[in-house]
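Worksheet for the structure shown next.
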Amino acid sequence: MLAEDRARKGAKLELPRDGRAILDARAKARQRLHDSIPAGYRPWMHLAGTVGVGVVGLGLAVWGVRAPRASELLAVPATFLLANLFEWRVHRGVLHHRQKLLEPLYDRHTPEHHMVFGYDDMAIRSPKELKLVLIPALGVAGIVATTTPLAYGLSKLFGANVGWLFLATAAVYAVGYELSHLSYHLPEDSFVGRLSLVRVLREQHRRHHHPRLMQRWNFNVTLPIGDWLHRTQVPGDVLEQTLAQDRITRRTA
């Protein structure tokens, strides 16, 4: 990697104030990242691999469940809540603040993903840009692998069914996170983009993609439970003030 690329990745996302300059900066970043995607990249294989790893993990976990009691089924909503809070914590703490040994996660997210996809330009323009939205299939595999020891520990404490249900829910959540995130970055007039739930959640995520809001607000990609509990959903007045500043910037550009 060239020294200038290393410097670019190590820097914070700083966009120019001039509206046209912002568009030019985004266009250059998009082209640079698009050109860096290997010629052999297959977007549909990437998507299939990401979903497939989670589905395999889910299938194995469900196969292990045997006549669960009602009390054991509580592991599903409990795991979902923990996963949602974990998602919030990682997004806010790792993806938006450089952490030692975890720099590649930050580099891929803030200087790259947020540079390409802005508040007024959220949609991918070609299937190849799935690489700029989805995490690698190995990332989902890593999530499943990381939760496996936890599932084993829970099985020893509360029984095998609880462990398997924990693992199954974690796998579903990982895949759901990826598909949700992808749906927000599809064109708004696409079949998926027109779905009511997608429109509502996309607006939450869209606000997070505003460069003046992204470091503080709307960190949940799935349901905004963590944002609600931590009071990090962007208030309406803050959003209006931010958009008003944008309008002034465009008029004076």
Original post:
Once you treat every alpha carbon in segment 3-252 as an equal point and sum by Debye, what is log10 I(q)/I(0) at q = 0.07 Å⁻¹?
Top reply: -0.27
Original post:
Near residue 216, within a Cβ-to-Cβ distance under 13 Å, what is the net charge of the other residues, with Lys and Arg +1 and Asp and Glu -1?
Top reply: +3
**OP:** State the Cα centre-to-centre distance between segment 36-113 and segment 117-154 in whole Å.
**Re:** 6
Original post:
In degrees between 0 and 90, to the nearest 10, how far off the longest principal axis of the chain does helix 160-184 point, with axes built from Cα atoms?
Top reply: 20
Subject >> Crossing angle, helix 75-93 versus the chain [Cα axis fit, 0-90 degrees, rounded to tens] >> reply: 30
Subject >> Loop-resident sites, segment 164-253, for trypsin sites (Lys or Arg not before Pro), counting at most 16 other Cβ within 10 Å (DSSP) >> reply: 194, 212, 216, 231
**OP:** Could you list the chymotrypsin sites (Phe, Trp or Tyr not before Pro) in segment 24-96 that lie in coil according to DSSP, counting only those with at most 15 other Cβ atoms within 10 Å of their Cβ?
**Re:** 41
Subject >> Mean ellipticity per residue at 222 nm, deg cm²/dmol - from DSSP H runs of n ≥ 4 across the chain, formula -39500 (n - 2.57) >> reply: -20500 deg cm²/dmol
Original post:
At a Förster radius of 45 Å, what calculated FRET efficiency corresponds to the Cβ-Cβ distance of residue 97 and residue 73, to the nearest 0.05?
Top reply: 0.75
Original post:
Rounded to the nearest 0.05, what FRET efficiency do residue 249 and residue 123 have when you use their Cβ-Cβ distance and R0 = 25 Å?
Top reply: 0.65
**OP:** Just flag the GluC sites (Glu not before Pro) in segment 147-210 sitting in loop per DSSP whose Cβ has no more than 15 other Cβ atoms within 10 Å.
**Re:** 188
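Values in this text are rule-based calculations from the coordinates and carry no lab data. Computed from a predicted structure; not experimentally measured. Ideal geometry is used to build each Cβ from the backbone, glycine not excepted, and the neighbour counts take in all protein chains shown.
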